[in-house]
Amino acid sequence: MTSPTQKICGSSISHDNDGPCSSSDQQRSCLSINYLPDSILRCIGDYLPKSSRAIMASALSRSACFDSDTLDFSDIGRDLAPKLTDSDISSILESIDAVNTLKVLKLIGCTNITGAGLDPLRGSIVLEQIDLSTSDNATIANGEDLFSPNFPWCFALAENAVIPILYSIIAEKDRALNHVQLPLVWRKKKSKQLVEFLESYNLVKSSRLCLCVQCDDNVVESSLWMNQTKDSSDWGLQQHTCYECTGHICQECEVGFCQDCKKQFCESCCTTKICDMCYSAVCSACEDLEVCEVCDTCFCQDCMPVRLCDCCNRNRCMDCMPHWDCSRCWKSNCDDCADEHNVQWCEV
């Protein structure tokens, strides 16, 4: 006769009236994710975004869950990132040994943190990039709205908490920090504390020899790695540095900041084009410029756009070929198609 308690090899699952793992000894021997080997945890992590792997590493206190040097919280979506607290961020950074392993940190979406949770990064010599633009809400405020009591609605990142940590990083002799993306709120306010940090950052960056990542020849010479031009909308933005690879770009190779995302890229990471009318730069990640197939002129959406004729499906600008829209069906007709289809015009 079989015993009422049947043990399955490796799991000690009980089938008596007390349910599985009723005794303390059996509870300790039950299957648990904490008992899985590192190789299995890495396989599980392969199905998760990098930021989710880091959260998993924090929850299990197992650094094996996270095997990357990049942590971008925009990967986990807009629902979870705003719920993370400074305690959560600190636990995550400690669990992955961020001070010794993390090269890229992007806090996009973490609107509920003050920055105190970044303390585990203090004195890091491996961190190459940190993006502090936690919220996109700042991009829709201008002028007096920026300093109103109700703004920023979801912005909590404090200079007093973050800037001392940045100072500790740039003070290291063997520092690797190449790029810092500052929040728009900080750049608009231009506090004394931030101005002094930018001066220190420019000083330590200028003390090193930097070669252009595109031409591999020219030395990037700049005393203002962080823009400090008075009354400039780009004040506080890092110059001559690709946001994606953090490589340096000389003045002969750089195209300019994308006017949408306020980031600069090298041609290898993200193509940036110039509007031939307003001369503003737009990266391909934000918006592809319209190109006229006749004159090859590029236009951004704010300028004269290239029109697509609904009849011949050709893209041409208004200078090369006028277009007309039907007042009833709103289909676009280029001048050639309008003549061919005998489009009628109201004389009144």
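A few remarks follow.
- Met277, Met56, ranked by accessible area, largest first (probe 1.4 Å): Met277, Met56
- Probing with 1.4 Å while keeping every protein chain in the model, the per residue accessible area of the stretch 181-257 equals 48 Å².
- Largest-first ordering by accessible area, 1.4 Å probe, given options Thr134, Thr101: Thr101, Thr134
- Accessible surface ranking for Lys103, Lys173, 1.4 angstrom probe, highest first: Lys173, Lys103.
- Over all directions, the projected convex hull of the C-alpha atoms in the stretch 223-308 averages 6.5 nm² in area.
The values are calculated or read from the model by the stated rules, or taken from the named source; none is laboratory data. Please read these numbers as outputs of a predicted model, since none were measured by experiment. When the accessible area is computed, the model is the full protein with side chains, heavy atoms only, and any ligands, DNA or RNA have been set aside. Shrake-Rupley method; radii C 1.70, N 1.55, O 1.52, S 1.80 Å.
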